[in-house]
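The values are calculated or read from the model by the stated rules, or taken from the named source; none is laboratory data. Model, not experiment: these values are computed from the prediction. Cβ sites come from the backbone with ideal geometry, for glycine too, and all protein chains shown count toward neighbours.
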Amino acid sequence: MRLDSASDRFENIYESPALWHVKQSFLGVKKLVNEAEELDSIREELIEDSRQEAEFKISKKAVDRRRSKPTGEGSCVESTGRKRRRETMAVVSAIHGGSKENLKPGAIGMLETLNKKCKEDDIVDGMRSCKKFAEKVFPRLYKEDLKKFESSTDNMLRSIAVYYSKGIRGKDKYRKIYKASSYKQGPGKRAARIKVANCPSPRLVPYHRLMAYIKSIDIGQLHSVCENFCEGLDECDKINGCYRDIEDLLMKLAGFYLNHGKYDILIFDQPNTFHVALGGDGAPFGRDDSACSWLVSFLNIGHGVLSSNENFLLFGANCAENCLPVKRFLGKLITDIERIQRSSYSIVVKGESIDVKFVFAELPNDMKMLAFLAGELTNSATYFSTFADVNQESLTKLGTFGHNASDTWKPWKFCDRMKVVKEVEKFKKKIATKNVSAKTKRSNVTTFIAKQKSRQEFVPLVSELIDRAHVEPLHLKNNACALAHRYILNQAIEMSKPNLPTSFSQVPPKTPLFKFIDALRSKCSLNRLAKRIIRWYDENAVTDASTFTYRFTGKDSRMFLHNFMFLIDVLENGVSGKASELLHVHAYLCLCLRNAVSLFSRVNITDEQVRELKQHCTNFYRGYWLFFKVNPIVWTLGCVVPAHTQEMKQCYGLGLGLNSMEGNTLSYSPKRVSSKDPNYCVCGLQKLASVDLCRFCDHELRKKIENSIEK
């Protein structure tokens with residue numbers, strides 16, 4: 001300290017030559033003193049290292065002895081374990097700058113070494129025996145992250161997904177899920193948090209916070225159906241519901257899709273133009289067991305349009321799909337659509353403004369809804385189709401559908417629809433004054449419309465948009481599968497006569513009907529259908545399958561198309577004559593149906609597959625015309641589907657599946673067929689691996705059936 005103080009004093013002295021030499025000498029002495037002190041420090045560290053090395057040095061003999069009893073294998077006594085831990089801690093503390101009083105540097109150093117140098121499996125094996133880590137350390141770290149997660153946006157979105165999963169859960173169900181997923185109830189005790197390895201499971205967002213968040217989401221302005229579309233109605237006819245302004249909704253969706261990076265927007269040779277699909281349907285739900293909704297989606301997202309996440313609610317109400325408030329809503333909707341299609345809109349995309357247009361391109365609706373939108377009679381009318389001028393009489397003829405002069409049936413034209421509407425209005429005025437019942441008047445009106453070779457009664461609710469309608473694949477597929485099943489069921493009943501009892505519980509197990517029901521359960525995964533047949537059989541005591549009604553779902557259709565050969569196989573086994581021939585016909589026609597459904601349900605389809613689809617549909621149609629009976633379902637599948645698929649391909653470069661109301665894309669060929677399992681035939685029936693086809697597909701009757709249909 002004296003040298004430093006003297007040095008400071010020298011700084012303030014006038015530097016004469018003599019004094020300068022004195023100062024230089026002083027600084028030299030100071031430098032030597034510092035070097036000596038540094039050497040002393042180094043010497044002390046070397047002495048300490050030597051001491052520690054001598055203290056912790058382990059002889060080769062000791063190393064070999066310890067290797068015979070390594071730590072972690074349970075061969076060490078407790079005293080040996082304590083000694084090794086003490087030695088390890090002493091060495092690690094010395095290496096990382098710790099001491100007996102401060103073990104933290106050593107602990108951190110060991111953990112960092114484990115993290116960098118050791119294998120994950122070795123660390124896991126070691127941690128299993130460390131209760132402090134398992135019961136205290138890890139839960140402490142986990143709880144810090146758990147608290148952040150439970151208050152995060154990710155957990156809020158998870159909770160929203162639970163609330164809206166498979167329909168709206170509601171307050172009570174959501175709270176039960178919240179409690180069941182995070183708490184366990186002991187007998188006579190309060191609910192305790194569910195823990196795994198002393199770590200509590202993540203909780204959903206509490207209901208009150210979830211509702212506050214959902215209500216804060218800006219979905220645009222909602223309008224009341226009751227206030228705007230129920231004027232003049234009796235109180236009992238007024239309905240509850242909401243709708244959104246379609247212009248505002250389309251603007252929001254366009255901005256979302258254009259600014260979101262995950263979507264590949266298809267332009268369909270029309271840049272900055274969105275092609276809108278508008279669909280509605282009713283379902284048994286709520287008051288009076290009826291509800292109706294209308295959805296909007298963009299065809300420009302391609303295959304994604306099938307997802308329920310990409311279809312947005314435009315209208316929802318507790319009412320029938322054809323009630324007066326819905327008609328009034330559609331009237332307003334068409335006015336808005338006409339204005340929207342004439343306009344262009346400016347959308348900000350990544351900071352730049354672009355002009356977009358909207359075109360209403362498709363109406364994915366079932367046949368009942370299309371008839372309502374078109375202002376037509378019901379589908380039981382003489383002219384039953386919204387798509388063509390086919391009637392119940394011409395249905396029995398083999399023909400084609402299209403725009404060519406040579407085609408048997410042609411699409412309706414909007415101008416022709418309007419002509420018929422005017423004639424119908426005149427006729428209604430004419431018979432209005434007649435003193436006859438309302439039923440007779442109605443019968444006269446429908447007869448008059450049939451004589452006009454039409455099914456048109458009113459002005460189409462969707463105006464000229466009705467000309468853009470295409471057949472919807474989901475409902476047609478379900479109806480076709482129900483028809484094919486009903487024919488096979490009827491065959492099973494006919495083969496079981498005349499000794500069928502009035503109760504199914506008394507039906508002998510060896511009868512074809514019993515085998516058929518058993519195959520539905522055990523081989524086709526159609527338990528619900530089997531139960532419905534049994535109930536129908538017991539309630540009606542009728543052995544005519546034409547009276548059996550069952551609405552096939554998408555799942556029912558898929559299971560039927562996967563496994564129809566098992567039903568036919570159990571019926572045909574040991575049978576000959578006419579019954580066997582009919583079963584072979586059903587086997588071929590169901591195979592044609594499966595191939596057709598697999599193709600017309602696709603969004604992406606090639607030109608070659610379009611040609612294949614036409615062949616499958618034609619064979620299905622001709623097969624029913626030749627061996628059974630053509631009905632509207634068979635006619636639509638055989639004649640309309642190929643034409644509409646071709647139109648969709650030309651317009652969008654995509655298939656008829658783009659117009660589907662189905663929420664996902666399914667495979668209609670069973671895995672055993674698509675994977676080309678050598679033990680199964682292309683029809684799905686089991687066969688020998690050494691042969692190419694099963695006993696049905698390789699039967700001589702198959703070739704005769706194919707030749708008959710082709711001719």
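Listed values, structure above:
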| quantity | calculated |
| --- | --- |
| Answer residue from the range 113-151, given it is among the small types (Gly, Ala, Ser) and outside the structural domain of Asn198 (by the TED database) and is nearest to Arg203 (Cα to Cα) among those | Ala134 |
| Test result for Leu567, among the aliphatic types (A, V, I, L, M), surrounded by 22 or more Cβ atoms within 10 Å (Cβ to Cβ) and either over 30 Å from Phe401 (Cβ atoms) or over 32 Å from the mean Cα position of the chain (by Cα) (or both) | yes |
| Within the range 119-175, helices (runs of 4 or more DSSP H) holding 1 or more residues that are of a type in the set (Asp, Glu), surrounded by 13 or more Cβ atoms within 10 Å (Cβ to Cβ) and free of Cβ contacts under 8 Å to residues at least 60 places away in the same chain | 138-150 |
| Single residue of Leu461, Leu520, Leu513, Leu474 found to be modelled with pLDDT under 95, in contact with a helix residue (DSSP H, G or I) (Cβ under 8 Å, 6 or more places away or on another chain), within 28 Å of Val575 (Cβ to Cβ) and surrounded by 16 or more Cβ atoms within 10 Å (Cβ to Cβ) | Leu513 |
| Helices (runs of 4 or more DSSP H) wholly inside the range 611-711 that include at least 2 residues being of a type in the set (A, V, I, L, M, F, W, C) and closer than 25 Å to Thr386 by Cα | 632-635, 641-652 |
| Positions within the range 85-115 being among the basic types (Lys, Arg) and within 20 Å of Gly126 (Cα to Cα), in sequence order | Arg85, Arg86 |
| Unmet criterion (only one of (1) under 30 Å from Gly255 (Cα atoms); (2) in contact with a Lys or Arg (Cβ under 7 Å, 6 or more places away or on another chain); (3) part of a loop (DSSP other than H, G, I, E, B)) for Tyr383 | (1) |
| Residues of the range 115-159 satisfying the condition of being at pLDDT 85 or above and in contact with a Gly (Cβ under 8 Å, 6 or more places away or on another chain) | none |
| Failed item, numbered, when Ala388 is tested on (1) farther than 24 Å from Glu321 by Cα; (2) in contact with a Cys (Cβ under 8 Å, 6 or more places away or on another chain); (3) hydrophobic (A, V, I, L, M, F, W, C) | (1) |
| Residue match in the range 534-541 (condition: of a type outside the set (Val, Ile, Thr), over 24 Å from Glu572 (Cα atoms), assigned by the TED database to the domain that holds Ser669 and in contact with a helix residue (DSSP H, G or I) (Cβ under 6 Å, 6 or more places away or on another chain)) | yes |
| Leu204 touching a helix residue (DSSP H, G or I) at 6+ places or on another chain (Cβ under 6 Å), outside any loop (DSSP other than H, G, I, E, B) and more than 30 Å from Leu324 (Cβ to Cβ) | no |
| Identity of the residue in the range 678-706, among the charged types (D, E, K, R) and in contact with a helix residue (DSSP H, G or I) (Cβ under 8 Å, 6 or more places away or on another chain), that ends up farthest from Gly577 (Cα to Cα) | Glu706 |
| Extreme residue, farthest from Arg558 (Cα to Cα), among residues of the range 640-679 that are at pLDDT below 95 and of a type in the set (Lys, Arg) | Lys676 |
| The listed residue being at pLDDT below 95, among the small types (Gly, Ala, Ser), within 23 Å of Val471 (Cβ to Cβ) and exposed (fewer than 11 other Cβ atoms within 10 Å of the Cβ), out of Ser380, Ser437 | Ser380 |
| Any hit, the range 281-290, residues being in contact with a His (Cβ under 7 Å, 6 or more places away or on another chain) and hydrophobic (A, V, I, L, M, F, W, C) | no |
| So Leu483, is it closer than 28 Å to Asn322 by Cα and not assigned by the TED database to the domain that holds Thr378 | yes |
| Residue check for Leu591: touching a Cys at 6+ places or on another chain (Cβ under 6 Å), in the same structural domain as Gly623 (by the TED database) and within 16 Å of Cys694 (Cα to Cα) | yes |
| Qualifying residue in the range 625-634 (condition: crowded, with 16+ Cβ neighbours inside 10 Å and either in contact with a strand residue (DSSP E or B) (Cβ under 9 Å, 6 or more places away or on another chain) or without any contact (Cβ under 8 Å) to a residue 40 or more places away in the chain (or both)) | no |
